[in-house]
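Chemist: For reference, the structure I am asking about is given below.
The values are calculated or read from the model by the stated rules, or taken from the named source; none is laboratory data. Everything numeric in this text was worked out from a predicted model, so none of it was measured. Here the Cβ positions follow ideal geometry from the backbone for every residue, glycine too, while neighbour counts run over all protein chains shown. All accessible areas refer to the heavy atoms of the entire protein, side chains included, with ligands and DNA or RNA removed. Shrake-Rupley method; radii C 1.70, N 1.55, O 1.52, S 1.80 Å.
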Amino acid sequence: MNSFGTLFRVHIYGESHGSGVGVLIDGIPAGIKLCIDDFIVDLSKRKSGKVGTTPRKEADMPNLISGVFNGFTTGAPINIFFENSNTDSKVYSDFKSHPRPGHADFAATQKYSGFNDIRGGGHFSGRLTLGLVAAGVVAKKILSESSFNTEIETVGTLYKNEFEEKLESYLIETGSSGDSLGGTISLTIKNLPIGLGEPFFGSVESVLASMIFSIPGVKGLEFGAGFKGCELLGSQFNDNFINSDGKTESNNNGGINGGITNGNDLLLRIAVKPTSSIFKTQNTFNFKESSVLPLKINGRHDVAFLLRVPIVLENAAAIALADLYLQHKKQF
């Protein structure tokens, strides 16, 4: 499915090398101040250009087709469209018969009987995260009292305290060898209202996980102390309350108890896989020739697309939390 949400609903559309990509957002309260300039900062954080990112450069200028009038949301659905203007599709022609390892080429061709758009990954491309970033800008206006902070914690085997000295050379060396890198990203969200979420299937963790695992390349998610917390004793893991506001001494539960926000910082971390398109030759099955043959991928690809994911994570989380916020607000 391409839709997410109950009250704050988003629907992404488009293909990487089609005419464009975009997002349709429904359930937005009327009267929120919104203009194109509001999107520029977040969209620029997703752009390529830094060492380790793709040479493909797009303007990524949002076209607000509907739902905004005289600088304010109207209450009608907002349609935001981004034109694709810098595509090179010729390198993708053989990937239905000789699918790229790690990509959706094989699975999508089977599922859609070969009618899927293979160019640039088609509808499975990370380019569609533009819609998530744009929708997240609107979501953060709904969550105006909350703040979001993302941080890349690891790239490959490097930790953040090593980035300043080693990261650029590590990216260049890995790219020169034809390979790629993944890593981990943390997100801290402050000042969320207490009580967002519902028990069990509507829990904050469940809803956030559904959204965050929709980001291409995300392979792991943990809240609070996460997997390392499993090594602690219960007496060490439990978060003792220290005041009448519900502030806790530690935050191993990551700001969530019983699937509901508890007023402490919401903490989560994701694992992002290495970029699947690498320039090293890979021996993989060719369905046209019915044998394993060398595959050499050309084109323009990130050494570590992880570098462009922090704002996608931040805004994807904002979408999920804005939906929970509007549901919570409706109850009272």
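Chemist: Can you tell me how many residues within segment 19-44 are out of contact with any Ser or Thr (no Cβ under 9 Å at 6 or more places or on another chain) and either farther than 28 Å from Gln327 by Cα or not in a strand (DSSP E or B) (or both)?
Modeler: Total satisfying the criteria: 11.
Chemist: Let me ask another. Hey, among Ala107, Ala139, Ala134, which residue is assigned to a helix (DSSP H, G or I), hydrophobic (A, V, I, L, M, F, W, C) and over 17 Å from Pro310 (Cβ atoms)?
Modeler: Step by step, each of Ala107, Ala139, Ala134 is checked, and only Ala107 is assigned to a helix (DSSP H, G or I), hydrophobic (A, V, I, L, M, F, W, C) and over 17 Å from Pro310 (Cβ atoms).
Chemist: Just give me the residues in segment 222-274 being open to solvent by less than 30 Å² (accessible area, probe 1.4 Å) and closer than 25 Å to Arg308 by Cα, in sequence order.
Modeler: Selection gives Gly224, Ala225, Gly226, Gly254, Leu266, Leu268, Ile270, Val272.
Chemist: Let me ask something else about it. How many residues does segment 275-301 contain that are under 30 Å from Glu173 (Cβ atoms), out of contact with any His (no Cβ under 9 Å at 6 or more places or on another chain) and either open to solvent by less than 20 Å² (accessible area, probe 1.4 Å) or not in a loop (DSSP other than H, G, I, E, B) (or both)?
Modeler: Total meeting the criteria: 5.
Chemist: Inspect all residues belonging to segment 304-314 and state whether any of them is in a loop (DSSP other than H, G, I, E, B), touching a helix residue (DSSP H, G or I) at 6+ places or on another chain (Cβ under 8 Å) and over 20 Å from Ser210 (Cα atoms).
Modeler: Yes, some residue in segment 304-314 is in a loop (DSSP other than H, G, I, E, B), touching a helix residue (DSSP H, G or I) at 6+ places or on another chain (Cβ under 8 Å) and over 20 Å from Ser210 (Cα atoms).
Chemist: Quick one: which of Thr150, Thr154, Thr129, Thr174 is touching an Asp or Glu at 6+ places or on another chain (Cβ under 7 Å) and surrounded by 15 or more Cβ atoms within 10 Å (Cβ to Cβ)?
Modeler: Every option except Thr150 fails the conditions.
Chemist: Just to verify a result, which residue in segment 20-56, among those that are small (Gly, Ala, Ser) and surrounded by 13 or more Cβ atoms within 10 Å (Cβ to Cβ), is farthest from Gly183 (Cα to Cα)?
Modeler: Checked segment 20-56; the qualifying residue farthest from Gly183 (Cα to Cα) is Gly27.
Chemist: Quick check: anything in segment 165-174 of a type in the set (A, V, I, L, M, F, W, C), touching a strand residue (DSSP E or B) at 6+ places or on another chain (Cβ under 8 Å) and within 30 Å of Tyr325 (Cα to Cα)?
Modeler: no
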